[in-house]
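Report on the structure given below.
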Amino acid sequence: AKTLRLILGDQLNSRHSWFSEKSGDVLYLLMEMRQETDYVRHHIQKVVGFFAAMREFTRELREQGHMVLYWPLDHPEQQESLTANLNWIIAQQKIERFEYQLPDEYRLDQQLVAFCSQLEIPSKAYDTEHFLTERGFLADFFKGKKTYLMESFYREMRKKYQILMDGSQPLTGQWNYDRDNRNKLKDPLLLKEAKTFPRDVSDILTMIEQQGIKTIGKIDPTNFPWPVTRQECLVMLEYFCEKLLPHFGEYQDAMLRQDPFLFHSRLSFGLNTKMISPLEVVEYVEKYWYRHQDSIGIAQVEGFIRQIIGWREYMRGVYWAKMPEYKGLNYFAHERPLPDFFWTGKTKMNCLRHAIGQSLKHAYAHHIQRLMVTGNFALLAGIHPDAVDEWYLGIYIDAIEWVEITNTRGMSQFADGGIVGTKPYVSSANYIDKMGDYCSSCFYNKTKKTGDRACPFNSLYWHFYHRHADKLATNPRIGMMYRTWEKMKDRQAILDQAEKYLGELDDL
Ligand code: FAD
Ligand code: SF4
């Protein structure tokens with residue numbers, strides 16, 4: 001072969017134009033690498049999921065007649081890093097040209113640019129042909145603006161791709177049904193079984209253990225549940241439309257002890273590894289809805305489509321507009337370490353015990369658990385965003401920096417000072433109780449702000465506003481909160497209670 005084409009672990013897009021022709025001159029390369037398993041401590045299901053999907057992808061490419069070199073983690077020539085491996089392979093195979101697809105991670109992008117600049121053979125970077133926009137689109141779209149309003153970006157995508165549109169107008173006359181997405185789930189009979197793709201991954205797990213890779217979380221090696229092929233992702237999408245879409249929007253923000261997944265699609269892993277594309281997902285859902293309008297309301301469908309062509313695409317744009325500075329932002333100058341119970345789930349706070357417990361068990365939590373339980377707590381408790389990022393980047397099967405950091409540091413921790421969000425997402429027990437069923441069986445009392453067994457969220461909530469008044473009181477969307485706070489009688493007792501809890505975070 002003359003040309004070497006690198007495929008990273010999150011570039012498993014079998015519909016990429018690279019694969020439309022077969023050539024004896026092109027050698028594709030996939031590698032399992034310590035540099036990727038070790039940059040953060042990952043959930044074991046995440047490492048296994050990536051390797052299983054990469055191996056399946058290799059098998060499929062070979063079946064189609066492409067030449068593929070696959071280096072497992074225990075390949076005897078492993079040189080411990082991407083660039084060292086590439087140098088070795090280029091020399092050994094007498095490669096004359098190097099090509100790659102643009103990485104979604106800043107770290108890998110920099111690494112490959114530097115690598116190519118010292119190469120003696122020609123090189124070329126290709127688009128991944130996955131997203132709806134190019135890397136720099138959002139930065140241009142919001143040029144000169146301080147806050148990047150997701151809704152304007154989302155409408156632009158709707159128009160550009162004619163999704164749920166009637167010409168230049170939204171199909172139903174209304175762009176956004178967010179207000180219909182806020183119901184508590186009261187009827188467990190609506191719940192559906194989670195779609196899984198049971199697979200034996202013992203060989204991969206054994207290799208990971210033999211290599212001494214440090215991971216977190218649990219796995220059942222004979223029953224790995226996640227889709228790891230494009231075909232399985234398509235089955236998952238179909239299952240979503242049939243069983244979950246009818247209630248997706250209305251219960252999008254609900255939380256329930258007995259069900260870690262509710263009506264969520266669990267497509268993020270398939271999307272982020274590029275086994276399926278965002279546009280095909282939303283087009284499929286839109287078509288499905290056209291055929292089932294009598295049984296599925298627009299709010300369910302719009303809510304789902306907004307997450308993908310709105311939030312997901314938007315987060316990617318923010319990442320490329322703001323990296324590398326974004327990684328260092330800490331607007332509130334929060335400094336505390338993450339409490340130990342984030343790694344064990346051992347806390348008396350029922351909401352956190354469930355959200356963290358299911359994350360360790362399934363490498364998954366849905367959006368509102370990530371935002372309003374774990375994220376909310378970390379922000380109220382003043383945890384350093386580096387520590388918060390490290391946790392989110394490791395624990396979820398879908399966590400890749402471009403979408404993890406913008407959600408965590410931006411949306412959830414407001415550490416960007418308001419690029420992604422217009423105000424911090426914080427709440428007391430009130431919201432958690434409104435959307436979920438955790439509080440009724442909690443050690444703490446959801447209605448108490450102070451005293452024995454007072455819910456920590458309640459005092460920490462006011463402590464947060466109080467300690468950041470200089471940064472938040474002038475925000476027009478928050479001013480009201482300060483007027484309420486100033487009128488409250490037991491302010492000092494609430495602050496004292498919060499201080500007490502902050503001094504014993506590990507014991508909560
Ligand atoms: P569904 O609820 O079924 O939504 C459908 C799809 O919409 C998802 O698969 C996802 O691709 C997309 N989506 C929904 N919300 C968002 C969002 N806010 N940003 C980007 N895409 C979105 N998502 C990741 O993919 N990787 C992460 O590392 C990640 N970290 C997060 C960290 C925090 C603190 C928060 C608050 C959110 C994070 N999210 C992340 C966004 C969201 O929580 C997950 O995409 C979602 O829970 C995945 O589950 P699902 O596929 O069942 O989603
Ligand atoms: Fe969480 Fe407080 Fe409710 Fe307990 S009472 S589940 S700690 S919000």
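The values are calculated or read from the model by the stated rules, or taken from the named source; none is laboratory data. On a predicted model such as this, the values are computed, not experimentally measured, just so you know. Virtual Cβ from ideal backbone geometry, glycine too; neighbours counted across all protein chains shown. Quick note on the areas: whole protein, heavy atoms, side chains included, nothing else; ligands and nucleic acids left out. Shrake-Rupley method; radii C 1.70, N 1.55, O 1.52, S 1.80 Å.
Quick one: in segment 168-218, which of the residues that are open to solvent by less than 60 Å² (accessible area, probe 1.4 Å) and part of a strand (DSSP E or B) is farthest from D259 (Cα to Cα)?
The selected residue is P170.
Search segment 397-448 for residues being near ligand 2 (Cβ under 9 Å from one of its atoms) and of a type in the set (A, V, I, L, M), and hand back the single one that is nearest to W311 (Cα to Cα).
Going through the qualifying residues, I end up with I432.
Does P278 meet the test of being away from ligand 2 (no atom under 16 Å from the Cβ) and out of contact with any Asp or Glu (no Cβ under 9 Å at 6 or more places or on another chain)?
Judged against the criteria, P278 is not a match.
Give the residue that is nearest to P260 (Cα to Cα), with candidates limited to residues of segment 422-481 that are among the β-branched types (V, I, T) and within 16 Å of ligand 1 (Cβ to nearest atom).
I432
Could you list, in sequence order, the residues of segment 323-341 that are of a type outside the set (D, E), out of contact with any Ser or Thr (no Cβ under 8 Å at 6 or more places or on another chain) and either on the phi > 0 side of the Ramachandran plot or assigned to a helix (DSSP H, G or I) (or both)?
K327, G328, A333
Residue by residue through segment 345-360, note down the ones that are away from ligand 1 (no atom under 16 Å from the Cβ) and open to solvent by less than 30 Å² (accessible area, probe 1.4 Å).
G345, T347, M349, N350, G357
For segment 83-130, give me each residue that is open to solvent by 70 Å² or more (accessible area, probe 1.4 Å) and of a type in the set (F, W, Y).
Answer for segment 83-130, where residues must be open to solvent by 70 Å² or more (accessible area, probe 1.4 Å) and of a type in the set (F, W, Y): just W88.
Out of A363, A399, A333, report the one residue that is open to solvent by 10 Å² or more (accessible area, probe 1.4 Å) and either over 20 Å from K471 (Cα atoms) or free of Cβ contacts under 8 Å to residues at least 24 places away in the same chain (or both).
Going through A363, A399, A333 in turn, just one is open to solvent by 10 Å² or more (accessible area, probe 1.4 Å) and either over 20 Å from K471 (Cα atoms) or free of Cβ contacts under 8 Å to residues at least 24 places away in the same chain (or both): A333.
From G310, G303, G317, grab the single residue that is open to solvent by less than 10 Å² (accessible area, probe 1.4 Å), at pLDDT below 95 and assigned to a helix (DSSP H, G or I).
It is G303.
Let me spell it out: the conditions are (1) open to solvent by less than 70 Å² (accessible area, probe 1.4 Å); (2) outside any loop (DSSP other than H, G, I, E, B), and T133 meets all of them except one. Which number is the exception?
Of the numbered conditions (1) open to solvent by less than 70 Å² (accessible area, probe 1.4 Å); (2) outside any loop (DSSP other than H, G, I, E, B), the odd one out for T133 is (2).
Checking G418 against (1) buried (at least 16 other Cβ atoms within 10 Å of the Cβ); (2) more than 30 Å from N272 (Cα to Cα), which test does it fail?
The one condition G418 does not meet is (2).
Does L73 satisfy the criteria of being in a helix (DSSP H, G or I) and within 30 Å of the chain's Cα centre (by Cα)?
When the stated conditions are applied, L73 does not pass them.
Looking at F342, F377, F304 in this structure, which one is hydrophobic (A, V, I, L, M, F, W, C), touching a residue at least 40 places away in the same chain (Cβ under 8 Å), within 14 Å of ligand 1 (Cβ to nearest atom) and within 18 Å of G421 (Cα to Cα)?
F377 is the lone residue from the list that is hydrophobic (A, V, I, L, M, F, W, C), touching a residue at least 40 places away in the same chain (Cβ under 8 Å), within 14 Å of ligand 1 (Cβ to nearest atom) and within 18 Å of G421 (Cα to Cα).
Identify, please: which residue in segment 466-478 is assigned to a helix (DSSP H, G or I) and open to solvent by 10 Å² or more (accessible area, probe 1.4 Å) and is, among those, farthest from ligand 2 (Cβ to nearest atom)?
Within segment 466-478, the match that is farthest from ligand 2 (Cβ to nearest atom) is D470.
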